[in-house]
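Notes for the one structure printed next.
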Amino acid sequence: MKRYKSYATWAATVAAFTGTIITPSAGTAAEHTIRLTTLAPRDSSYHKTLQRMGQSWRRASNGSVDLVIYPGGIQGGEAAMVDRMRINQSQASLLSATGLTKIEPGVSGLQVMPMMFRSLDEVDYVGQKLRPVLNKRLRENGFIVLFWGDTGWVRFFTNRPAVTPDDIRKLKLFTWAGHTPTVDLFRASGFNVVPLETGDILTGLQTGLIDGVPMPPFFALASQVYGPAPYMLEINWAPLVGALVIKRQTWEAIPFEIRMKMMAAAHIAGEEITATGRTESVASVRAMETKWGLQVHTPDSATRALWAQQSALAYNTIRGGIVPEEIYDEVQIHLSEYRQNGLSEAVATTTDTNR
C-alpha cells in the first residue's frame, strides 16, 4: 500500500479522487478515520445528510473522528462494500437490506417479500419490532447499526408498457449481482432477471441487456433511468429499507462518551434520510412526468389484486428459503397485530401513492 508522508498529502489525494473534502481539526490528523461507502449519488440529499453527520462527529469528538465518504458506488456494489469492510478497506457503509443480508440474512424480512406490506406505516411498525433482534445479530456478526431508514416503495421502470405480472415476466429485469436471495425471489415469482452491478443499470438499459429495473423513483431520476425506461408501474412491490452500519472493532475503539454523541447525530441523520427519501420519491415521479415524459401506469383494483395473488405464490419459497423462518413468522405476527386496528387498508390507499 502506498504510504503518505503527511495527513495533508493523504487528504488531498482522497479529495482529488473522490471529491470529498476532509477537514481535520486544528490542523492535526484525526485519531479515528472512518471510510464510509454508499450507493447514494454524489450531492444527493442522502450524501449531504451523511456529510452533515460527519461534521457533527468531528465537532463532538473535537476533531478526533473524521468521516470520509465514497458516494455513488465508486467502491463497487453492496456486496463489494461488505467485503471491503471485512478486510478493513472501509469501516462503514450505508446499505440496503440487499447488502445487509450479506452480513445477517434476517434483514431480508424487512424487504425481500413482494407486496407483503400494504403501507409505509406497516413497514415502520414491523421494522420497530424486528430491529432489536436484527441489531443484536448484526452486532454478533461484527457490525453496529447506527440508524435504520427507508426511501419508500420500489417501482418497476421499463422500456415498454408493463402493467400485469405477465407483462413484467416478458422482460429482462435488473437484479443486484452477488445477491442470491434477490435472484431467487424474482425467479420464484417467474421473472427473468439479469444480475448486474448498480453502475451498469443505465448502460444495460441503453444496450438492451435489460428491459427494466425495480428501484425507488428518486434513484431512477438521479441515474436518468427514465430515458431508456420511460414507463413506470405504480405498484407497491416492496420498500427499500436500509441501515448505516459500522465495524464493531472500529466503533468500540472510539471513547464511549464520543460514541454516544456520534450515535445521537446518526439517529438524526437516519430520521432525515427516511423523511426526505419518502418525500423525494413522490416529487421525483412528478418531475420525471412533467420534465422528461415518464408515463405512469396505475393498475386498477383487479390488477392490484392479481399482483398480490401472484406475489403470495412465492411466499412458501421465501419462508425458510430466502427469509429465515423465525423472521418470516415474526413479520406475520406483527402485521396481524397492526391490522387488527383496521387502519392498514385506509393508510395504504391514502398515503402511499405517488399520484
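Bear in mind that the values in this text are calculations on the coordinates, not laboratory data. Keep in mind it's a predicted model, so treat the numbers as computed, not measured. Cβ atoms come from the backbone with ideal geometry, glycine included; neighbour counts cover every protein chain shown.
When only Cα pairs under 8 Å and 6 or more residues apart are kept, what is the percent relative contact order across the chain? Mind dumping the intermediate values first?
On the way: 587 pairs, mean separation 80.9, N = 355.
Averaging sequence separation for qualifying contacts and normalising by length gives 23 percent for the chain.
Where does each of E104, E78 land when they are ranked from fewest to most other beta-carbon atoms within 10 angstrom?
Numbers: E104 23, E78 28.
Lowest count first: E104, E78.
Which one, G190, P216, W251, is farthest towards the positive end of the dipole of the chain when Lys and Arg carry +1 and Asp and Glu -1 on their Cβ?
Farthest towards the positive pole: W251.
Between Y70 and residues 5 or more places away or on another chain, which pairs have amide H atoms under 5 Å apart, with H built 1.01 Å from N, and which residues are they?
So Y70 has HN proximity to L36, T37, T38.
What dipole magnitude, in Debye to the nearest 20, does the chain give about its Cα centre under +1 on Lys/Arg Cβ and -1 on Asp/Glu Cβ?
Details: 35 positive and 32 negative charges, 222 e Å.
The calculation lands at about 1060 debye.
Exceeding 26 Å between C-alpha atoms, which entries from my cross-link table qualify? They are K129/K247; K102/K261; K102/K172; K48/K247; K129/K172.
On the way: K129/K247 23 Å; K102/K261 28 Å; K102/K172 24 Å; K48/K247 22 Å; K129/K172 36 Å.
From K129/K247; K102/K261; K102/K172; K48/K247; K129/K172, over 26 Å: K102/K261; K129/K172.
Which of T279, G242, A305 sits farthest toward the positive end of the charge dipole of the range 229-310, with +1 on the Cβ of Lys and Arg and -1 on the Cβ of Asp and Glu?
The residue sitting most towards the positive pole is G242.
When only DSSP loop residues count, what trypsin sites (Lys or Arg not before Pro) in the range 26-105 have their Cβ near at most 14 other Cβ atoms within 10 Å?
Numbers: sites: R35, R42, K48, R52, R58, R59, R84, R86, K102; in loops: R42, K102.
Here no loop site has a sparse enough neighbourhood.
Can you put M215, M232, M260 in order, fewest other beta carbons within 10 Å first? Can you show the working numbers first?
Values: M215 21, M232 25, M260 10.
The order, fewest Cβ neighbours first, is M260, M215, M232.
Counting other C-beta atoms within 10 Å, which of S45, S336, S108 has the fewest, and how do the rest follow?
Details: S45 17, S336 9, S108 24.
In order of increasing Cβ crowding within 10 Å: S336, S45, S108.
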